[in-house]
Amino acid sequence: MSGAYDRGLIEDFGRWREFSAGMWAWVLHKFTGWVLIGYLFTHVAVLSTFLQGEATYNATLSGLESLLVVRVLEVGLLAVAVFHILNGLRLLFVDLGIGLGSQDRSFYASLVLTGAIVVASVPTFLAGAI
Amino acid sequence: MADYYSSFERSGTRWLLQRITAAFLVVVLAFHFMLLHFVNHAAEIRFAGTSVRMQQAGYAITMILFLLTATFHGVNGIYNALVNQGLTGTKLTAVKTVLVLAGLLLVAQGIRLALAMNGFL
């Protein structure tokens, strides 16, 4: 039988200096989640130009991809998605009772791996835009 | 030190669905990024290529499942975040209604789009 873990009110962001690794993981997971669901709505809206026909769809996608700011935002999206995936895996394992004792180290590993994957992906994402 | 901590109500249906969709999304989101950013570069995506991919039944079904699970996972995640933030009562009911409607509209538009890309519509 387990009890509730009194972590204090994490929603009180004024306490951020006191946040532990797990609390930062929670904050970043929520932040990346908000970004991803926001992007999902935008993504479906952009892809909906398919319904207007081939010329509109091609012009919209190639027009967006020709903008450097869009390419940079895509790198940001990759960072957000990779962190959410890796931290989500960490959460799934913790929910299964695996790795709770090293949850802080697995959070740091998620951050490092996210950084490495994003840095390695930058050339692919910016190819042709600069 | 507790054995676990989760902001979700354990043993609830939404708690379980959030985790089942998470397990599915980990794989499909990674696949989606790999296919449309590394195998096919995003800048090279065109109408014809999209149509060819979506005409493969397995791919189209995977993308529709991706839409359904991502919408549930995201909308339910926002709802849970707002509950954690302390939203209750009428405000919570209003937000829940908006989230459900937005989710249903997104799924409807996404399926309509997927069927058009597939050539069914």
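Bear in mind that the values in this text are calculations on the coordinates, not laboratory data. Given the structure is predicted, the values throughout are model-derived calculations rather than measurements. All Cβ positions, even for glycine, are placed from backbone atoms using ideal geometry, and neighbour counts span all protein chains on display.
Remarks
- Helices that extend 20 Å or more along their long axis by alpha-carbon positions and average at least -1.0 on the Kyte-Doolittle scale are, among the DSSP H runs of chain B, B:13-33, B:57-84, B:89-118.
- Relative contact order for chain B, counting Cα pairs under 8 Å that sit 6 or more residues apart, in percent: 34 percent
- Computed label-point distance, nm, for sites A:Thr124 and B:Glu44 using a 7 Å Cα→Cβ extension: 1.2 nm
- Short-range pairs are left out: with C-alpha atoms under 8 Å and at least six residues apart, the relative contact order of chain A is 31 percent.
- Neighbourhood net charge (13 Å Cβ-Cβ; Lys/Arg +1, Asp/Glu -1) for B:Phe47: 0
- Pairs of Cα atoms farther than 25 Å apart, the protein assembly as shown, %: 49 percent
- Cα long-axis angle, helix A:68-95 against chain A (0 to 90 degrees, to the nearest 10): 30 degrees
- Per-pair calculated FRET efficiency, R0 = 22 Å: A:Trp34 and A:Ile98 via Cβ, rounded to 0.05: 0.20
- Angle of helix A:21-47 to the longest C-alpha principal axis of chain A, folded into 0 to 90 degrees and rounded to 10: 20°.
- With the Kirkwood sum run over all distinct C-alpha pairs, segment A:6-128 has a hydrodynamic radius of 16.7 Å.
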